[in-house]
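Have a look at the structure below before the remarks.
Read the figures in this text as sums done on the coordinates, not as results from a lab. As the structure is a computational prediction, the values presented were derived from the model and not from experiment. Don't worry about glycine lacking a Cβ; one is built from the backbone with ideal geometry, like all the others, and counts go over all protein chains shown.
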RNA sequence: GCCCGGGUGGUGGAAUGGUAGACACGCAGGACUUAAAAUCCUGUGGCCGUUGAGGCCGUACGGGUUCGAGUCCCGUCUCGGGCACCA
């Protein structure tokens, strides 16, 4: 039998399907192993070669664990709500559910082609009402609970109500809004129903809140902090501004400490844990109250981590949004302050970030009283103080804090040294904690460790301050003004939100006519006519029009896989008891502070309610790296009659080497085409404007004759094409029709067309043009200079290659694989050519899975050859079966058992690239030994099965087995086959390798030492010197020290 | 600026403090072939030397610990990632 990957793979894919080989049941007599991949968003672009990396790795681990006797759950599903489907719906008028369904189908097909052992009967989709019923249900639970710091867990809101009725909230130590008033039982009981409900919102774990949010006008929705990068939206790169809006919020801050502590008990990459720690941002400090001069009713509360520097405070700064600003501003400063506030409000997040260094602010005219010295400190407003952190106000200590120093210097405010070790305060602030305090009243002469408790005690006694732990973590905005998300199961009555009754869930997404906001600016859901749920016909009520954010459905999905079809519960207690939690979680590091933090938060909450068995749901996390794309750039120089210089960042990542295409004279009548085309091994690029479109016929002929594909870049006059995309496209179309009709004909596989200008201008504004990675730009003469080229933004990260005569350059850049960068490689093509087994092993062989690396198809032939050689252990070139039942030799067994040991150990530590190496070594050795023995080859098939399942299944059945190789037993190595009668020692003299000796395995260290010292080469290197010491490392090395 | 990772042949990458460069790609030479592809064999870190002597230098750079350092420690450079007026 001959090795034909595609045929074998098709055969076994069908067989697995027919025999339900990957069906997982809750098998109580077997130990469980739960592997989870972060589920993908099914984008329209389909899979690229970067996606499967983690899936393949998890599949290998899963197959291995199954062979070791575990009941393995390694499920797959789709995080199917999201922006792109909705944007597509807006553009094309297709319902998001339809395009999502289509995308999922394609994803599933691609995943199945990889031979992944997912149990598709457990597939979940977050957009399925049967699924999001439970997302909404968890939301309801959050609404019905509050977090009690004394109990250190979430408790039902009814507990709180009972306490309020009895004793008010004076003794309640719970997570709540910072401005929650203290009320007595009488006050509470006197509240109306609405007042009580509004009051409770201050405690609920999810609640509507008026806050500053990241508003993205282009997307028409708010974004969470982790969806904003560099002041623009992560998706689409649109500007983001701060806006005060009413939004649903999740009180994740209640869990700040728990989320921090939980990190200690999970085996996650240190980098991720560190990022989460930074994001939570715990800092220990104090709140200090500075009374406002002449206003006995007002005082400024500040948060500081350096209360010890309080004597160095020379002024107070409020955030522009701070509520005191309006109350304290002196009349004569009124205009100036107002202007400043207006200016601040007008700046976008992006501008603000770009101008971090600039010092701005304004004096309010008011002063605060220093609580210890009684001196007057001017109160300023400045945007370097953020309203969202601490109290939104600071005491400025210019001698110890660089930002305060900058401000003090700019506004000529005093800088007072407070530690005798502070230096060069005229140059910069010195934040040291060393030395003893000076100019510091009650702490003069003390050290940092002594001063802090003393000050806090003093402040507490005088009711002017207290110790405080502060977190950077903010409550998470939970509503989005979009259509394609989970509806929030809430209705409003008299501006008070009420939960839908549980039996009404799921609240199904209603149909709407257009996926756009209403004319009055309400979210798309406001267009819905047909809400299934009607709270009560008599009363007036309103629906909730926001939907949940993308991270809602992904915050609990791992439980659903345990029991995916349950309509009575999110997951049955039995399934929870068996599967408990994820043993191995695999996914990208980009979710470090988004999904991975929110999902931990939900899990802690569910744990508090006794609904799930573990505090932390993912015991181990592994981050796979990214497979990056390679984007090529070519430069072409000026042509005699072609007046543009062009930089082109090209689309095919495998374009690495460019040569000017030399069209032989016998093929081309006119040689000028020579200068217009660039060629690689399998592709010709022709740069042409519509005026010269008929010339490409010559190029086409040449390309076809060479068996190369032709890529045509239409480079119209850029200004014109940017301003008039439609006309440009039309012009190109007409030119093609009249002068190069062959390009319009279908079924010419050798030709690809790309309307670069057209595509660019249709999709992107001129403003976006400079950031775009498919980029054409006109350049000046002097850019031929390499150094100058590098200064252009698009080339800063590029690697250059200078062409002959310095006439053109080519270059490439490694970057994330993404559709928008036109550097995507689709796995389908690779699988078509080499087979899924080869693709799987090649991706693993590329390097450690945690590393990011560019996709490069170069080495894949090595794997291809390896698989053929492995096959050739079983069949000869004529396809004759070679396997015999002979007794294996010691050498053969040693090769096998060495491989078993190495591969077992390496899978356990998830080093899959070296596993592939060991399989190669085994194959090479067995071929060298001409080993065709069943006793060796059968275990070898099991060893390769996790990596190349199709090939293994075929050979397994050829070996006479009826059942799947997936249920074979993982071989165990036996030490007795690994040992040998002789051991070769490396011999060093003074740490330098000088030779080898081979001794009996039983030789004692003393015997080895004697033998080594008698060696001629040892004596030569020792020379006249006396041997001072001999170190014998058993089994490895001998070092002679002279 | 702060916090994490990295830096090893032409390339991807191996190496519990114990023979650096496994395995593979690429390249060179050879076999088979009319030829090419495919396949197989040999070689392949650099330098000097030899033509079955060998030697020296090599894991970003400079120091240190150790019998022994790619690996541990200190400092420098550099690349990547994350955070960033967080008081």
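Show me the ranking of peptides A:208-217, A:616-625 by mean Cβ neighbours inside 10 Å, starting with the highest.
Taking the mean over residues of other Cβ atoms within 10 Å, the ranking is A:616-625, A:208-217.
Give the share of C-alpha pairs in each 5 angstrom bin for the stretch A:287-434, from 0 to the last occupied bin, in whole percents, shortest bins first.
P(r) for the stretch A:287-434, in whole percents per bin: 2, 10, 20, 22, 21, 14, 8, 3, 0.
Measure out, as a whole number of angstrom, how far apart the alpha-carbon centroids of the stretch A:1-75 and the stretch A:390-422 sit.
With the stretch A:1-75 and the stretch A:390-422 each reduced to a Cα centre, they are spaced 60 Å.
Subtracting the Cα-Cα distance from 0.36 nm times the residue separation, let me have the gained length for residue A:121 to residue A:887 in nm, one decimal.
Taking 0.36 nm per residue and subtracting the Cα distance, the gain is 271.3 nm.
With each pseudo-label sitting 7 Å past Cα toward Cβ, what's the residue A:184-residue A:979 distance in nm, one decimal?
So the label points at residue A:184 and residue A:979 sit 8.6 nm apart.
Considering only DSSP beta bridges whose two residues both sit in the stretch A:25-171, what percent are antiparallel, to the nearest 5?
Of the beta bridges lying entirely in the stretch A:25-171, close to 50 percent run antiparallel.
Could you work out the relative contact order of the stretch A:48-199? I mean the mean sequence separation of Cα pairs under 8 Å and 6+ apart, divided by the number of residues, in percent.
Contact order relative to length: 17 percent.
Going from the alpha-carbon gyration tensor of the stretch A:1-134, what semi-axes, largest first and in whole Å, does one get by taking the root of 5 times each eigenvalue?
29, 20, 13
Assuming a ≥ b ≥ c are the square roots of the Cα gyration tensor eigenvalues, decide whether the stretch A:372-489 counts as rounded (a/c under 1.5), prolate (otherwise, with a/b larger than b/c) or oblate.
Numbers: a/c = 2.59, a/b = 1.83, b/c = 1.42.
The shape class here is prolate.
If I take the Cα coordinates of the stretch A:117-188 and project them onto the principal axes, what are the three extents in Å, biggest first?
In descending order, the Cα extents are 60, 22, 21 Å.
Considering only DSSP beta bridges where both residues belong to the stretch A:230-383, give the percentage that are antiparallel (nearest 5).
Approximately 80 percent, going by the DSSP bridge assignments.
Any idea how far the Cα center of the stretch A:121-170 sits from the one of the stretch A:568-602, in Å?
So the separation of the two Cα centres works out to 18 Å.
Rounded to two decimals, what is the ratio between the C-alpha radius of gyration of the stretch A:917-1042 and 2.2 N^0.38 Å?
The stretch A:917-1042 yields a ratio of 1.62.
May I ask you to sort A:48, A:322 by Cβ crowding, counting other Cβ atoms within 10 Å and putting the fewest first? Don't skip to the end; give the middle numbers.
Details: A:48 21, A:322 18.
Fewest to most other Cβ atoms nearby, the residues stand as A:322, A:48.
With 10 angstrom as the radius, rank A:11, A:902 by how many other C-beta atoms surround their C-beta, starting from the fewest.
The order, fewest Cβ neighbours first, is A:11, A:902.
Would you kindly compute the Cα radius of gyration of the stretch A:481-567 and its largest Cα-Cα separation (Dmax), both in Å?
Gyration radius and largest Cα-Cα distance of the stretch A:481-567: 14.4, 44 Å.
Where does the stretch A:66-191 land on Rg/Rh, using Cα atoms and the Kirkwood Rh?
We get a ratio of 1.23 for the stretch A:66-191.
Semi-axes of the equivalent ellipsoid for the stretch A:876-926, please: Cα gyration tensor eigenvalues, times 5, square-rooted, ordered largest first, whole Å.
25, 15, 8
Note the direction-averaged projected area, equal to a quarter of the hull surface, for the Cα convex hull of the stretch A:524-584, in nm².
6.7 nm²
If one computes the Cα centroid of the stretch A:427-492 and of the stretch A:900-973, what distance in Å separates the two points?
For the stretch A:427-492 versus the stretch A:900-973, the Cα centre distance is 58 Å.
Stick to Cα atoms and the Kirkwood definition of Rh, then tell me Rg/Rh for the stretch A:882-958.
0.96
Can you give the log10 of the normalised intensity I(q)/I(0) at q = 0.08, 0.12, 0.20, 0.21 Å⁻¹, computed with Debye over equal Cα scatterers of the stretch A:182-331?
Debye output, listed in q order: -0.40, -0.92, -1.27, -1.26.
Thinking of the stretch A:573-617 as a set of Cα atoms, what percent of all their pairs are more than 14 Å apart?
The answer is 54 percent, as a whole percent.
What Kirkwood radius, in Å to one decimal, follows from the Cα pairs of the stretch A:292-342? Intermediate results must be reported in sequence, preceding the final value.
Working: mean 1/r = 0.0783 Å⁻¹.
Computed over Cα pairs of the stretch A:292-342, the Kirkwood hydrodynamic radius comes out at 12.8 Å.
With the calculation restricted to Cα positions, what are the radius of gyration and Dmax of the stretch A:194-275 in angstrom?
Rg, Dmax (Cα atoms, Å): 16.5, 47.
Could you list A:43, A:555, A:58, A:540 in order of exposure, starting from the residue whose Cβ has the fewest other Cβ atoms within 10 Å?
Fewest to most other Cβ atoms nearby, the residues stand as A:540, A:43, A:555, A:58.
Take the alpha carbon gyration tensor of the stretch A:1-71, find the square roots of its eigenvalues, order them as a ≥ b ≥ c, and report rounded if a/c is under 1.5; if not, report prolate when a/b exceeds b/c, else oblate.
On the way: a/c = 1.94, a/b = 1.13, b/c = 1.71.
Here the stretch A:1-71 falls in the oblate category.
Rounded if a/c is under 1.5, else prolate if a/b beats b/c, else oblate: with a ≥ b ≥ c from the C-alpha gyration tensor eigenvalues square-rooted, which is the stretch A:411-546?
It is prolate, given that a/c is not under 1.5 and a/b is the larger ratio.
Per the Cauchy relation, a quarter of the hull surface: what is the mean projected area of the convex hull of the alpha carbons in the stretch A:44-99, in nm²? Let's see the in-between values first.
On the way: hull surface 19.9 nm².
Over all viewing directions, the stretch A:44-99 projects a mean Cα-hull area of 5.0 nm².
Once all Cα-Cα distances of the stretch A:114-255 are split into 5 Å bins that start at 0, what whole-number percent is in each one?
All Cα pairs, binned at 5 Å, distribute as 2, 8, 14, 14, 14, 13, 12, 10, 7, 4, 1, 1, 0, 0 percent.
Between residue A:346 and residue A:274, 0.36 nm times their residue separation minus their Cα-Cα distance comes to what?
Using 0.36 nm per residue and subtracting the Cα-Cα distance, I get 22.4 nm.
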